[in-house]
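Below is one structure, written out as structure tokens; comments come after it.
The values are calculated or read from the model by the stated rules, or taken from the named source; none is laboratory data. Only a predicted model underlies this, so the values are computations on that prediction, with no experimental measurement involved. Note that we place each Cβ from the backbone using ideal geometry, even for glycine, and neighbour counts take in every protein chain shown. The area values use the complete protein model at the heavy-atom level, side chains included, leaving out ligands, DNA and RNA. Shrake-Rupley method; radii C 1.70, N 1.55, O 1.52, S 1.80 Å.
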There are 2 protein chains.
Amino acid sequence: MAAATLAQAQGLPSWNDGAAKQAILRFVADVTTPGSAGFVPPGERIAVFDNDGTLWLEQPIYVQFAFALDRVKALAPKHPEWKTTPPFDAILRGDMKAFAASGEKGLMQVLAATHAGMTTEEFSREVADWLAKARHPRFKQPYEALVYQPMLELLAYLRENGFKTFIVSGGGVEFMRVFAEKVYGIPPEQVVGSTGQLAFKTGADGKPVLLKLAKIDLVDDHAGKPVGIQRFIGRRPIFAFGNSDGDQQMLEWTAAGAGPRFMGLVHHTDAEREYAYDRTSSVGRLDKALDEAGTRGWTVVDMKRDWNKVFASDK
Amino acid sequence: MAAATLAQAQGLPSWNDGAAKQAILRFVADVTTPGSAGFVPPGERIAVFDNDGTLWLEQPIYVQFAFALDRVKALAPKHPEWKTTPPFDAILRGDMKAFAASGEKGLMQVLAATHAGMTTEEFSREVADWLAKARHPRFKQPYEALVYQPMLELLAYLRENGFKTFIVSGGGVEFMRVFAEKVYGIPPEQVVGSTGQLAFKTGADGKPVLLKLAKIDLVDDHAGKPVGIQRFIGRRPIFAFGNSDGDQQMLEWTAAGAGPRFMGLVHHTDAEREYAYDRTSSVGRLDKALDEAGTRGWTVVDMKRDWNKVFASDK
């Protein structure tokens, strides 16, 4: 219990002392104490985290979607036909209602135009350049500053206790890998996300490249999350954190294993410091998973009550 | 250089002192010596290994194929129709020539019958049970004893020097993960291989399961290897070892990065202790990649000359 006691004092300073923090400390103490009934060997201490709304903010629109919209605007001079071609015309006019009406088909067209047709290395550079310049519309800060300080502390605390931390997100894996190591300390090989198909080709200089194709391989969301976990990690997590209905099956899959399990949800309850949304939000809806958390005793973090600091950049 | 000198004396005892061993030691010394021009930070020391023919034997047939054939025989009593249904009738008669004539279609039917229609956990148990009982037809030993001792030493030596070791194989990921950690010290999340589709379902006891479907997702061989590396690892390796033309693109992808690179091939030249085969073998053909190794100065391990011990089980 020594490690847990120390962490209680030092490791999670942005967490107020309440049920959520206590549940985390109790779980970690249980699985890391040699001889305890719940002891789990370090190699099996797999912890998975959703990204959007769990590790960083997702309002008013997903960050990767903000990137895609900005890319459409940046690429528009090369595509004069977009001025009169849906759904690009709507984006260029800033008419998000018309864009939303283009539905899944419109979204796929935007993803194809902004996330395919370049090499993996070119795409990574575009994302890095964008992250360096882009600012959140409300907080006026780089997105990488709008990661949740309590979750950074939790990631570090778990790693100090022999956990291997993974992202398991509906976001694109090539997008997240650009910042995950720098911001979260999670290396590329521990980022699981939605994937598109790649083609191995010979580049102009005779060197091989991997070309991003406009064809989706895995949508790592909802039932796709346990599939992504099995495909990429190959072990069932003992610790899982999400914030929306897209994380429900990941939490169910985690919960169904033997031995001690931790399932957590971030509930966005703080309109003042961040946003307040749940059952009716079009971004990050938390409805069925919130009901299941209540029924099954999963840990629900009330952002307003449980966190004394929200963003890493907060004073 | 202290670590490399030590390893020269202690770390690779089954490697004879020759060009291959020297190339390995020189490379590791170069990338791990702080201040050297070739220094690579530990997190970027990614080493990838093919499995069949590189870490364990692949003759006279791939081990996973031996598993599939044995499964057909074990399942035959439940499928009386197989006695008169190609390609199963050929397998049950032991007529491998007739089975080979059924081609890709026949192979897919066998994979569907033996690798799909069960949960991931049921499949893992079947593989583990089979590995415990099966014996190699020539060496009369469990397959897990027929891993190459020099490669086990190389894996351990790289890990001691801050490398993260991965399998990148055409074999099925769910098959390899059953033994990779125990035999190679490579955990499930560092095994990249061919993948089939999975479905998240509710099992008979109300708990979620992942069902293996008879649909292939990624064939992690030839050009599929760099794709698998990017999808699962997300970093370019600096060290790659294979043994066949199926590894050629993985070695090209590794070679095309900046800074020091190590590309190695195991050349099976020892008919007495193992097998001798290369340009005309139907299993593990080494032809184009051998030519490219010559042209580009990749390291070719001559099994007969470079290894003083072959299998981990050799005295």
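Odds and ends about this structure:
- Computed from phi, the 3J(HN,Hα) profile of the stretch B:68-80 under the Karplus parametrisation 6.51, -1.76, 1.60 (θ = phi - 60°) reads 4, 5, 5, 5, 4, 5, 5, 8, 4, x, 7, 10, x Hz, with x in place of Gly and Pro.
- Shielding value for B:247-257 is 2, the average number of Cβ atoms from other chains within 10 Å of each residue's Cβ.
- Lysines with Cα under 20 Å of B:LYS315, excluding same-chain neighbours fewer than 8 positions away: B:LYS140, B:LYS304
- Solvent-accessible area of B:TYR184, all protein chains in place: 10 Å² (probe radius 1.4 Å, heavy atoms, ligands and nucleic acids excluded).
- Rg followed by Dmax, in Å, when chain B is reduced to its Cα trace: 20.3, 68
- Proximal aspartates and glutamates to A:LYS182, defined as alpha-carbon separation beneath 15 angstrom and excluding residues fewer than eight positions away on the same chain: A:ASP129, A:GLU144, A:GLU153, A:GLU174, B:GLU44
- Sequence-distant contacts, meaning Cα pairs under 8 Å at least 6 residues apart, place the relative contact order of chain A at 23 percent.
- Placing a label point 7 Å from Cα along the Cα-to-Cβ direction at A:ASP270 gives distances to the equivalent points in the other copies of 6.2 nm, listed shortest first.
- To the nearest ten degrees, helix B:120-133 and the longest principal axis of the Cα atoms of chain B are 80 degrees apart.
- Pairs of Cα atoms nearer than 8 Å and 6+ residues apart set the relative contact order; for the stretch B:63-133 it is 31 percent.
- Both radii come from the Cα set of the stretch B:63-133: Rg as radius of gyration, Rh as Kirkwood radius; their ratio Rg/Rh reads 0.96.
- Dipole magnitude (debye, nearest 20) for the stretch B:63-133, charges at Cβ of Lys, Arg, Asp, Glu: 220
- Peptide A:36-44 has a mean shielding of 1, counted as Cβ atoms of other protein chains within 10 Å of each residue's Cβ.
- Toward the positive end of the charge dipole of chain A, with +1 on the Cβ of Lys and Arg and -1 on the Cβ of Asp and Glu, the farthest Cα among A:GLY162, A:THR202, A:VAL40 is that of A:THR202.
- Where rotation carries B onto A, the chain B residue whose Cβ is nearest that axis, in whole Å: B:PHE232, 3
- For the stretch B:177-315, size of Cβ-based charge dipole, Lys and Arg +1, Asp and Glu -1, in debye: 460
- In terms of packing, defined here as the mean over residues of other Cβ atoms within 10 angstrom, the peptides A:227-236, B:237-246 line up highest first as B:237-246, A:227-236.
- Per residue of B:225-237, other chain Cβ atoms within 10 Å of the residue Cβ number 6 on average.
- Ranked by how many other beta carbons lie within 10 Å on average, peptides B:105-116, B:269-280 from highest: B:105-116, B:269-280
- Pairwise centroid distance, computed over Cα atoms, of the stretch B:40-59 with the stretch B:88-143, Å: 25
- For chain A, a crude dipole built from +1 on the beta carbon of Lys and Arg and -1 on the beta carbon of Asp and Glu, taken about the Cα centre, is about 360 debye to the nearest 20.
- GluC sites (Glu not before Pro) within the stretch A:102-176, DSSP loop, no more than 14 other Cβ atoms inside 10 Å: none
- In the assembly of identical copies, A:LYS207 has its label point, taken 7 Å from Cα in the direction of the beta carbon, separated from the corresponding points by 4.9 nm (ascending, one decimal).
- The protein assembly as shown pair-distance distribution - Cα-Cα, 10 Å bins, rounded %: 3, 15, 24, 25, 20, 11, 3, 0
- Considering only chain B, percent of DSSP beta bridges that pair antiparallel, nearest 5: 40
- For the stretch A:210-312, the share of DSSP beta bridges that are antiparallel, to the nearest 5, is 10%.
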